[in-house]
1. Could you work out [θ]222 nm for the chain from helices alone, using -39500 (n - 2.57) per DSSP H run of at least four and dividing by all its residues? Round to the nearest 500 deg cm²/dmol.
2. What whole-number value in cubic angstrom gives the convex hull volume per residue for the C-alpha atoms of segment 4-78?
3. Which of 81, 35, 62 moves most in a GNM of the chain, Cα contacts under 10 Å?
4. Rounding to the nearest 10 and keeping the result within 0 to 90°, find how far the Cα-based axis of helix 9-38 lies from the longest principal axis of the chain.
5. Using only alpha carbon positions, build the gyration tensor of the chain, then give the equivalent ellipsoid semi-axes as the square roots of 5 times its eigenvalues, largest first, whole angstrom.
6. For segment 62-115, which trypsin sites (Lys or Arg not before Pro) are in a loop by DSSP, counting at most 16 other Cβ atoms within 10 Å?
7. Compute the signed sum of charges (Lys and Arg +1, Asp and Glu -1) over the other residues within less than 12 Å, Cβ to Cβ, of residue 85.
Amino acid sequence: MMVLVGFSVTQTLLGVLIVSLGLLVLIIAYRKLLAYLGKGSIIKEDYCVLYPLENDPISGEAEFYFTTEKNRNIIFELLNADLTTNQVLSEKEYVTGGHILRFDTNLLSNGLYFYCLRTENQKTMKKMNVLNKNVAD
């Protein structure tokens with residue numbers, strides 16, 4: 001029988017099995033804890049993601065980009081600085097995926113605006129500064 005630093009092969013294998021079993025139990029307990037703590041967290045598929053504009057301040061054409069994980073009715077509107085509706089840019093059903101809405105900011109006076117995405121369970125908005133060179137304030 002082979003002896004490894006005072007331990008027999010049987011004792012060494014038994015020790016490895018006990019340590020492996022202990023690690024397996026810890027991993028299972030950790031996963032259960034994560035599942036328990038994850039209860040009540042938001043379901044990503046229920047919400048759209050509205051991305052900020054690439055340029056700030058914006059001039060000319062603005063490209064508003066958002067994604068949705070499922071088909072849904074979306075209202076996309078432009079708000080004034082006091083958060084009143086300036087105009088509704090789109091109100092329709094969008095399919096799953098990414099979408100770009102283009103808008104000519106030359107139709108607006110220079111200043112602060114917000115763009116807003118609304119669904120049946122969500123309202124999210126982002127700020128934009130309009131600074132067009134050919135528009136008189």
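Throughout, read-outs are computed from the coordinates displayed, never taken from laboratory work. Quantities reported herein were computed from a predicted structural model and do not represent experimental measurements. Note that we place each Cβ from the backbone using ideal geometry, even for glycine, and neighbour counts take in every protein chain shown.
1. -8000 deg cm²/dmol
2. Taking the convex hull of the Cα positions in segment 4-78, it is 221 Å³ per residue.
3. Largest GNM mean-square fluctuation: 35.
4. The angle comes out at about 20 degrees.
5. 59, 18, 12
6. For trypsin sites (Lys or Arg not before Pro) across segment 62-115 that sit outside H, G, I, E and B with at most 16 neighbouring Cβ atoms in 10 Å, the list reads 70.
7. -2
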